[in-house]
Every structure is written in C-alpha cells, then in structure tokens.
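Report on the structure given below.
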Amino acid sequence: MDMMKTLLKHLLSNILWLLAVPALFAQSDFTYERDREEVPSMQEMLETREVFEYEVRYGFFTLGWVDVELLPDTTYGGEKAYHLRTTMRSNKKLPFMGTRIVNYENLFQYNENWPYSHVFWRDDIHDDEYDRVRVIFDREAEEVQFFEKGEPTDTLELVEPASGGDIIFYYARMFAGLDESYELPVYTEDEMGIVSAKSRTKTEMREYDAFDEPIETYRSDGTADIDGPFGFNGTFKSWFSADDLRVPVEAHVRVIFGNVKVRLINYERRGQD
C-alpha cells in the first residue's frame, strides 16, 4: 500500500512532462486568422491567456486534476515577465491518496527563439508549506542554483533554454505538426535532464470533453531522461490540436503498473488584456 501511495503521488508530479506533451472552442470566440500549418509564436500563445484543466487517470482511477493558467504579467529584474502557474490536485476520494494540492510557479520571458525561466518554485498548499523548492536561473553567472526550504542544495551549469519544466508547455507546441525534433534542458530536484520529442505531420481525429465535437490532432513521441519525484524517466506520447495554437490535449506515459493518461476536460481562451 505504501508503494502504491508513493507511486500515485509521484505520478501527479509528472504531469508537466506529459503535457509536453478549425476553431471548435465553445468557451471563447478568440482566435487567430491564419494558416493552421504555421506553428504558434510565443506572443500568440501568451496573448490568448489560455486556462486549462486536465484529468489524470490511471486505469479506472481518477488520480486528480491539473490546472494551468497564465497569471497577470509581472516584472523580473525591472523588465516585463510572465507568470505561469500549474496546480495539481489529488482525488481525495481515493483512500490511499489523501488531499494534495501543489502549485508550481514559474517567472519567465522569451526571445525570438525560445521561452526561458528566471525562477521556478513549488508551494505545497496541503501542508501549508510555501517555497518548498526553488530553482534560480542566474544567467550572469551561467549557473542554476537549487534551494530546499530556503537552504541551498546544489549548483549546476546553465544550458539554454533553461527552465524548471513547465516551459515545455509552450515550447513543445512550437514544433507540433512539424517534421523536426526538439530537445529541452530541464532542471529539477538538483539535476538537469533532457526532454526530446518529434511530432508527426499527419493528423488524427480524437474526442475530448473540452470540445463539442471531435478535433484534428498531431501526435508527438518523446523521451525524458530525468529521474526523481518530479519527473518520470522514459518514453511518452502527447497530442496537440491541429489548429492555430496547437493546444496540448492529451498525453500518455507508461509506468511499471500500466499507463497513465492525461486528457483535457476544460479549456478557455480569455483573450488579450
């Protein structure tokens, strides 16, 4: 039972990787008028102000839900920055899971090539323990600094485009539907790993609760070579909508007891500020 409890807790922490995972969006009329074969730019994705809710399933069990939202813009180092929050909520109806609410916070910017993190931290809301883990990306020193409960734990060399993991939520979408692969350095739990993937150019129809009817999607196949409670290690599959924003709609990862599936159940485009 303890082994299963630990596994399920770790699976909820793996969702950022899994998401690396025609306008049919009933929740909003906001869209871009352009060729859908063009991948979205960072500016387009950020201006759309998307809000996502995903369901995480393991076999017949709903392990929990993941909410992703771009918060109001902020500043970092005196310059405009963006604030991405990913909230993971466990299904408290599962007796071996209990209540777990964890926020992953990321302050980032982007250039003409990629988004990149400045600071990334984790708040364990259920334990009333904030800033449990913090990762600082010091580009002047060209190093990544790790902290746990305010105490330094390690320092690694910074490799661009460095991030704490959730940047892949945007980065992967700029490759969906293209016949080319990508690699993204990811820093978590005192280590650096590489997430790599390649998309298929052929679309397939899939159904999701977030949309009124089936949508066309691009599938991507990838590998994550990082270990630890925050990231899984191994292959994964993810799907993106074949529209103007390449919305992450589904992801699968294989674990020792089977497959974990993440599917989009609610989606909003709140438009420009």
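The values are calculated or read from the model by the stated rules, or taken from the named source; none is laboratory data. All values reported here derive from a predicted model rather than from experimental measurement. When we count neighbours, we look across all protein chains shown, and the Cβ atoms used for this are built from the backbone with ideal geometry, even at glycine. We work out accessible area using only protein heavy atoms, side chains counted, and drop any ligands, DNA or RNA first. Shrake-Rupley method; radii C 1.70, N 1.55, O 1.52, S 1.80 Å.
If you go through segment 125-143, how many residues are more than 20 Å from the chain's Cα centre (by Cα) and not charged (D, E, K, R)?
Kept after step one, since they are more than 20 Å from the chain's Cα centre (by Cα), are these residues of segment 125-143: 126-130, 138-143.
Imposing the further condition that a residue be not charged (D, E, K, R) reduces the set to 126, 130, 141.
Result for segment 125-143: 3.
Which of the residues spanning segment 45-69 are of a type outside the set (Val, Ile, Thr), more than 12 Å from the chain's Cα centre (by Cα) and either open to solvent by 50 Å² or more (accessible area, probe 1.4 Å) or under 20 Å from Met174 (Cβ atoms) (or both)?
Of all residues in segment 45-69, those of a type outside the set (Val, Ile, Thr) come to 45-47, 49-50, 52-55, 57-61, 63-65, 67, 69.
Still in the list and also more than 12 Å from the chain's Cα centre (by Cα): 45-47, 49-50, 55, 57-61, 63-65.
Residues satisfying the conditions are Met45, Leu46, Glu47, Arg49, Glu50, Arg57, Gly59, Phe60, Phe61, Trp65.
Here Leu178 meets the list (1) more than 14 Å from the chain's Cα centre (by Cα); (2) open to solvent by less than 10 Å² (accessible area, probe 1.4 Å) almost entirely, failing just condition (2). Among the residues of this structure, Leu19 counts as one that is at pLDDT below 50, surrounded by 17 or more Cβ atoms within 10 Å (Cβ to Cβ) and within 14 Å of the chain's Cα centre (by Cα). Of the residues Val159, Val119, Val186, Val195, the single one that is within 23 Å of Lys80 (Cβ to Cβ) and β-branched (Val, Ile, Thr) is Val119.
Looking only at segment 208-228, count how many residues are open to solvent by 70 Å² or more (accessible area, probe 1.4 Å) and either in a strand (DSSP E or B) or more than 16 Å from Asp243 (Cβ to Cβ) (or both). Walk me through it before giving the result.
Step one: filter segment 208-228 for residues open to solvent by 70 Å² or more (accessible area, probe 1.4 Å), giving 209, 212-213, 225, 227.
Checking the rest, the ones that are also either in a strand (DSSP E or B) or more than 16 Å from Asp243 (Cβ to Cβ) (or both) come to 209, 225, 227.
So the answer is 3.
Just to be sure, is Met205 within 17 Å of Ala224 (Cβ to Cβ), open to solvent by 40 Å² or more (accessible area, probe 1.4 Å) and either among the hydrophobic types (A, V, I, L, M, F, W, C) or assigned to a loop (DSSP other than H, G, I, E, B) (or both)? Judged against the criteria, Met205 is not a match. Regarding segment 26-34, can at least one residue be identified that is surrounded by fewer than 15 Cβ atoms within 10 Å (Cβ to Cβ), hydrophobic (A, V, I, L, M, F, W, C), within 20 Å of Ile215 (Cβ to Cβ) and at pLDDT below 85? Scanning segment 26-34 turns up at least one residue that is surrounded by fewer than 15 Cβ atoms within 10 Å (Cβ to Cβ), hydrophobic (A, V, I, L, M, F, W, C), within 20 Å of Ile215 (Cβ to Cβ) and at pLDDT below 85.
Of all residues in segment 92-138, those being in a loop (DSSP other than H, G, I, E, B) and either surrounded by 15 or more Cβ atoms within 10 Å (Cβ to Cβ) or at pLDDT 95 or above (or both) number 4. Once segment 221-251 is narrowed to residues that are aliphatic (A, V, I, L, M) and over 12 Å from the mean Cα position of the chain (by Cα), the residue that is modelled with the lowest pLDDT is Ile226. Quickly run through segment 139-179 and pick out the residues that are in a loop (DSSP other than H, G, I, E, B) and more than 21 Å from Ser41 (Cβ to Cβ). Passing the criteria: Arg139, Glu140, Ala141, Glu142, Lys149, Gly150, Leu158, Val159, Gly164, Gly165. Taking the numbered list (1) open to solvent by 60 Å² or more (accessible area, probe 1.4 Å); (2) under 25 Å from Arg246 (Cα atoms) in turn, Glu79 passes all entries but (2).
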